[in-house]
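Okay, so here's the structure we're looking at.
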Amino acid sequence: MRYEVNPPAKAGGAAQVVVYEGRAAGELAAILDESLAGLDAGDGAQLWIREVAAGDDETALRHGFEPYRDLWQLRCRLPAEASGLATRAFTIDDMDEFVTVNNRAFHWHPEQGGIGADDVRDRMAEPWFDADGFRLHHRDDRLAGFCWTKVHPDHDPPLGEIYVIAVDPDFAGRGLGRPMTLAGLEWLSARGLAVGMLYVESDNHPANAVYRRIGFERHHTDRAYRRQPR
């Protein structure tokens with residue numbers, strides 16, 4: 001699949017075009033011509049280009065799009081150092097507390113913020129879900145942080161993803177981000193994986209500082225663009 005076009009996620013929203021990695025050099029213009037043909041030229045639209053390459057910004061601009069968000073994919077070698085943090089697996093009884101902590105931590109995030117229990121259950125129904133890889137850390141009888149992992153066995157090389165990680169804002173400043181990340185990497189390494197991966201906003205400077213210290217390096221950038229309605 002070279003691309004997909006998704007309808008607006010909510011009333012009054014914009015259609016989203018996603019252009020996938022693996023395209024040939026110079027192919028983006030033809031992909032955008034084809035994918036945008038079914039959309040009204042005066043409507044607003046969102047565009048994601050996976051693994052953005054040199055020249056893609058200029059091509060997107062010619063089609064009326066301006067960049068506004070970079071999502072970095074970082075990778076590291078496994079095993080990483082030990083976390084030294086006590087964690088346990090997620091259970092369905094943790095649902096309400098997890099949703100609360102997640103939404104407190106990600107109130108600013110366009111995708112992860114505002115999720116509900118039904119959204120979590122939908123992800124739990126996916127074939128990749130493994131509750132044992134959904135690690136929780138408690139302090140003072142409260143959920144202080146979590147590291148939700150995801151394995152991509154069909155990728156070359158197989159990847160162990162830090163899918164979602166957060167610390168409750170009440171526990172911010174206590175140095176939990178690094179050991180929570182390492183706890184997830186420990187679990188992935190124990191599954192026999194040799195490469196860890198995660199996605200992070202390019203401007204999330206505190207998180208990126210933590211990831212650099214662990215040994216993550218940027219592999220590629222996914223870039224989001226928007227076209228304003230006319």
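The values are calculated or read from the model by the stated rules, or taken from the named source; none is laboratory data. What you see is a predicted model; the values in this text were computed from it and never measured. A quick note on method: Cβ atoms are made from the backbone with ideal geometry, for glycine too, and the neighbour counts reach across all protein chains shown. Keep in mind that these areas ignore ligands, DNA and RNA; they rest on the heavy atoms of the full protein, side chains included. Shrake-Rupley method; radii C 1.70, N 1.55, O 1.52, S 1.80 Å.
At-a-glance table
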quantity	calculated
Looking only at segment 42-70, and only at residues there that are open to solvent by 60 Å² or more (accessible area, probe 1.4 Å) and not basic (Lys, Arg), the one that is farthest from residue 7 (Cα to Cα)	54
Residue selected from segment 125-172 under the condition open to solvent by 60 Å² or more (accessible area, probe 1.4 Å) and small (Gly, Ala, Ser), by the criterion nearest to the chain's Cα centre (by Cα)	125
Scan of segment 89-106 for residues that are in contact with a helix residue (DSSP H, G or I) (Cβ under 9 Å, 6 or more places away or on another chain) and farther than 17 Å from residue 184 by Cβ, ordered by number	91, 92, 95, 96, 99, 104
All positions within segment 110-125 that are in a loop (DSSP other than H, G, I, E, B) and without any contact (Cβ under 8 Å) to a residue 40 or more places away in the chain	110, 111, 113, 114, 115, 116, 125
Matching residues, segment 75-123, being touching a Gly at 6+ places or on another chain (Cβ under 7 Å) and closer than 15 Å to residue 148 by Cβ	99, 103, 106
Contacts under 8 angstrom Cβ, first residue in segment 76-101 being within 18 Å of residue 129 (Cβ to Cβ) and hydrophobic (A, V, I, L, M, F, W, C), partner in a loop (DSSP other than H, G, I, E, B) and open to solvent by less than 70 Å² (accessible area, probe 1.4 Å), 6 or more apart	98/90; 99/115; 99/116
Qualifying residue in segment 151-166 (condition: out of contact with any His (no Cβ under 9 Å at 6 or more places or on another chain), in contact (Cβ under 8 Å) with a residue 60 or more places away in the chain, under 24 Å from residue 111 (Cα atoms) and not β-branched (Val, Ile, Thr))	yes
Residue satisfying all of: in segment 205-228; out of contact with any Asp or Glu (no Cβ under 9 Å at 6 or more places or on another chain) and aliphatic (A, V, I, L, M); farthest from residue 79 (Cα to Cα) among these	209
Residue match in segment 109-121 (condition: out of contact with any Leu (no Cβ under 9 Å at 6 or more places or on another chain) and surrounded by 18 or more Cβ atoms within 10 Å (Cβ to Cβ))	yes
Every residue from segment 45-68 that is over 24 Å from the mean Cα position of the chain (by Cα) and in contact (Cβ under 8 Å) with a residue 40 or more places away in the chain	63, 64
Members of segment 1-25 that are over 15 Å from residue 51 (Cβ atoms), part of a loop (DSSP other than H, G, I, E, B) and modelled with pLDDT of 90 or more	7, 14
